[in-house]
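Undergrad: Handing you this structure, nothing more for now.
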Amino acid sequence: MRFAVIALAASLAAAPIALAQTAPAPIKTKSGEVGAAPADKGQIVFFRPGSIFGAALGCTVREGEGDAKKQVARLGSGKYFVVTATPGKHQYYTEGEAKDRLNLEIEPGETYFVKCNIGMGVVAGRANLSPSDRATFEKKAKGLKLWSGGDKDDKDAPDDKAKPAS
C-alpha cells in the first residue's frame, strides 16, 4: 500500500510537467489558423494590425542584400504572413524613408511574432518592425487575414522559404 501511495504521488507530480511540454493550441485568425512551428525549423509570424493611420501604405518585409534580397511579405492593414526559417541568425527589414532592421536568432520548433507599424515620416509614413509576442497576436488575430502573396501591386513573389499558415 505504501508503494502505491508513493507511485501515485510521483505520477501526479509529473503530470504538470507533461502538460507543459505540449504544443500550444493553434491561433484562429479571420482566414485560418497559425499552428506550431515544424520541429526542425522556426517560424516567424509577421503581422500588421488594422488601423486607419497608414492604411494605404504597405509594410514590405525583406531578407538578404544584393542578389540574395528577397521579399518575404507585403502586409497591408489587417494582414499577417507566416515564414518558415532555418535555425540561425536572420535579419528582416523594411525600406522607405529609412531602413528599419530586426535581427532574430531562430531556434528549431519556436514561433516568433513580429509586428509592423506605420509611423510618421518626414514626407510619408514609414514601416517599423518590432518584436511582439503570442498574446498580442492572439488579441488581434480574429481581425487579421492571411496575405496571399497575390496582391495586384506586388512586384515580387514571396520568398520560397515563406509558407502560408495551414
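The values are calculated or read from the model by the stated rules, or taken from the named source; none is laboratory data. The structure displayed is predicted, hence computed values, not measured ones. Counting neighbours? That spans all protein chains shown, and the Cβs are built from the backbone with ideal geometry, glycine included. In case anyone asks, the SASA skips ligands and DNA or RNA and just uses the protein heavy atoms, side chains included. Shrake-Rupley method; radii C 1.70, N 1.55, O 1.52, S 1.80 Å.
Undergrad: Residues that are without any contact (Cβ under 8 Å) to a residue 40 or more places away in the chain: find the strands (runs of 3 or more DSSP E) completely inside region 38-118 holding 2 or more of those.
TA: Numbers: elements: 42-48, 59-63, 70-75, 79-85, 88-94, 100-106.
Output list reads 88-94, 100-106.
Undergrad: Let me spell it out: the conditions are (1) open to solvent by 50 Å² or more (accessible area, probe 1.4 Å); (2) modelled with pLDDT of 95 or more; (3) hydrophobic (A, V, I, L, M, F, W, C), and residue 106 meets all of them except one. Which number is the exception?
TA: (1)
Undergrad: Would a scan of region 124-141 turn up a residue that is modelled with pLDDT under 85 and exposed (fewer than 13 other Cβ atoms within 10 Å of the Cβ)?
TA: Looking for residues that are modelled with pLDDT under 85 and exposed (fewer than 13 other Cβ atoms within 10 Å of the Cβ), one finds at least one in region 124-141, hence yes.
Undergrad: Against the condition charged (D, E, K, R), surrounded by fewer than 14 Cβ atoms within 10 Å (Cβ to Cβ) and touching a strand residue (DSSP E or B) at 6+ places or on another chain (Cβ under 9 Å), how does residue 48 come out, does it pass?
TA: So residue 48 does not fit the description; no.
Undergrad: Considering region 23-37 alone, what residues qualify as being surrounded by 13 or more Cβ atoms within 10 Å (Cβ to Cβ) and free of Cβ contacts under 8 Å to residues at least 40 places away in the same chain?
TA: Scanning region 23-37 gives a single hit, 26.
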